[in-house]
Structure formats: structure tokens, C-alpha cells
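What follows is a short report on a single structure.
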Amino acid sequence: MSTPPTARPVALVTGASAGIGKELARALARDHDLILSARRVEELTALAAELKAAHGTTCHVLPADLADPHGPRHLFDATTAAGLAVDVLVNNAGFGDHGPFADADLAKLLRMIQVNVTALTELTGLFLPGMRARGRGRLLNVGSVAGFQPGPLMAVYYATKAYVVSLSEALANELSGTGVTVTCLCPGPTHSEFRAVAGIRQGFSVAKAMDTRAVAEAGVRGMRRGKRLVIPGFRNRLLIFAERFLPRRVVTAAVRWMQEKRRGEPGA
């Protein structure tokens, strides 16, 4: 008598409709069933069909707007109502903005904090107790190399990513020995929609922009190994290492110079 196949673990990926989030879903689909979440339903539905055809992955499309303060709770409730226990939570949703803080659209900055910080924190707080109670689970937060220094002209974005890095490392320590691991993926410049949304010119970066698939694959590999920090790309790791030996004022001035070079055209 044959043994029935073991149910595949379930991974929830936020911001799964494009960029790194889509590639994280593709990487996880090889051995996980998925909950795909973002605002754009058509893109999520197309991705679900692709992954079903490629890997036989069962995909649940649960749209959510994490800029809405009620969005994280609605996503959690929808997951619970579907009878799904999340084994892997991927907090990928996020966006940036470019320009002087005093000239920025304050409402956009507050939405950024809601998505990058508040929603990430709430989803973690909602799903983590279940993982700990079961004695297994993985949390993958998408931070950024921006989280390791102040970022003039992208001040709020850099600050949100510093929060993600700090929170992830602290939770990894708290959860040691529980069967739950926490990994923070910190990419540098990446070919994705992020630059267009943030109003950043495409032509300049200190480190060469990486492919979203390479970034996602590095993140999933690191998560499987239980690594706390994953910084894809040798140049990105070198830059973060070098910052330890430079005065903070010098690092901040260097980031300011870089962001001025990346400034989008008027109206971008």
C-alpha cells in the first residue's frame, strides 16, 4: 500500500505581482504551495497559472493593499478563513521615494511607512505565534543595503529599511532554538519597477544592478540555511563592510552624492 504524499508547506509572499516578489514566488514554487498577495489581481492570477503549469503548485490568490491600515489584518483573516497554515512568511511588499524630505508628498511617505514598516510588523505579529506554536517556520523579510546607512534624498526609505534589518536580526535572536528562523534579504540596486516608482533615473548606481531572479534565489538559499542576513553581490557586501571603517558623516555624504547622481528628471 502506497503512502500518501506529504502535503507541501505553504509560503505567503507579499508584493508577489512583480520584481523580486515574483521571483521569490517562482523560487519557492518548486517545493511549496503559495499564497500570492499584492494589489494587482491580474498579475497574481497569471503568475498562479504559470506556477501551476510549471511545478503543479497550488496557488491561492489573496489580493491586499498593505498601504491600507486594515490590509494586513484582512490578509491574515482571509488566510485563516481558507484554512491555510503559513510555514513561510515572505514580507516583500515595499516601495521608495526620491527627493528632499521637505519637498516630498507627505501622504506618500506615510503610505511608505505603512507598507515598509507597519504592515511588515503586523503580518509578522499575526503569523509568527502560529509558527512558534508548531515549532517550525521561516520568516524572510526583504530589506535593502539602504538599511545600513542614512540616505539623504531617500531619507524615509532608508530609515524604513534600517528598521527591517534591525527587527529581523533581533527576532532571529529571540527565536533561536524555537524551530523558527528569520532571514533578512538585503539587495542592492536591482532591475525592477522600484526605480520607476521611486522616481530614480535608471542610468547610475555605484554597484551594478542585479537581476531580480539572482537576488531572489540568493534570498531563498539563505533562508533555507537559516542565515540571518543575505546581501547578494560581492560589491554590495564589500561596500557594507567598508562602511564600518568610515566616519558616519563621510558615509552619509557619499550616499547624498550618489542620490544626486540618481535624481530623476523633473516630474519623474
**Request:** Tell me which of these D105 doesn't satisfy, since it passes every other one: (1) at negative phi; (2) in contact (Cβ under 8 Å) with a residue 60 or more places away in the chain.
**Result:** (2)
**Asked** Which residues, taken from the stretch 67-120, are part of a helix (DSSP H, G or I), open to solvent by 60 Å² or more (accessible area, probe 1.4 Å) and of a type in the set (D, E, K, R)?
**Response** R73, D77, D103, R111
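Can you pull out the residues in the stretch 39-76 that are closer than 25 Å to S168 by Cβ and of a type in the set (D, E, K, R)? Even if it seems obvious, please write down each step before you answer.
Going through the stretch 39-76, the residues closer than 25 Å to S168 by Cβ turn out to be 39, 62, 64-76.
Within the stretch 39-76, R39, D65, D68, R73 qualify.
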**Inter-residue pairs, beta-carbon under 6 Å, first closer than 17 Å to R39 by Cα and in the stretch 87-99, second open to solvent by 20 Å² or more (accessible area, probe 1.4 Å) and at pLDDT below 95, 6+ apart** = F95/V197
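Restricting the search to the stretch 218-233, which residues are in contact with a strand residue (DSSP E or B) (Cβ under 7 Å, 6 or more places away or on another chain) and at negative phi?
We begin by selecting, within the stretch 218-233, every residue in contact with a strand residue (DSSP E or B) (Cβ under 7 Å, 6 or more places away or on another chain); these are 218-219, 222-223, 226-230, 232-233.
The answer is A218, G219, G222, M223, K227, R228, L229, V230, P232.
Within the bounds of the stretch 103-116, is there any residue that is charged (D, E, K, R), closer than 30 Å to L153 by Cα, modelled with pLDDT of 95 or more and more than 19 Å from the chain's Cα centre (by Cα)?
Checking the stretch 103-116: at least one residue is charged (D, E, K, R), closer than 30 Å to L153 by Cα, modelled with pLDDT of 95 or more and more than 19 Å from the chain's Cα centre (by Cα).
Every residue, every condition in (1) surrounded by fewer than 16 Cβ atoms within 10 Å (Cβ to Cβ); (2) of a type outside the set (S, T, N, Q); (3) assigned to a helix (DSSP H, G or I), yes or no:
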residue: A7; (1), (2), (3): yes, yes, no
residue: G21; (1), (2), (3): no, yes, yes
residue: A27; (1), (2), (3): no, yes, yes
residue: L34; (1), (2), (3): no, yes, no
residue: L44; (1), (2), (3): no, yes, yes
residue: A49; (1), (2), (3): yes, yes, yes
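The values are calculated or read from the model by the stated rules, or taken from the named source; none is laboratory data. If you're wondering where the values come from, they're calculated on a predicted model, not measured in any experiment. Please note: Cβ atoms are built from the backbone with ideal geometry, for glycine as well, and neighbour counts cover all protein chains shown. Just the protein is used for accessible areas: all its heavy atoms, side chains included, with ligands, DNA and RNA removed. Shrake-Rupley method; radii C 1.70, N 1.55, O 1.52, S 1.80 Å.
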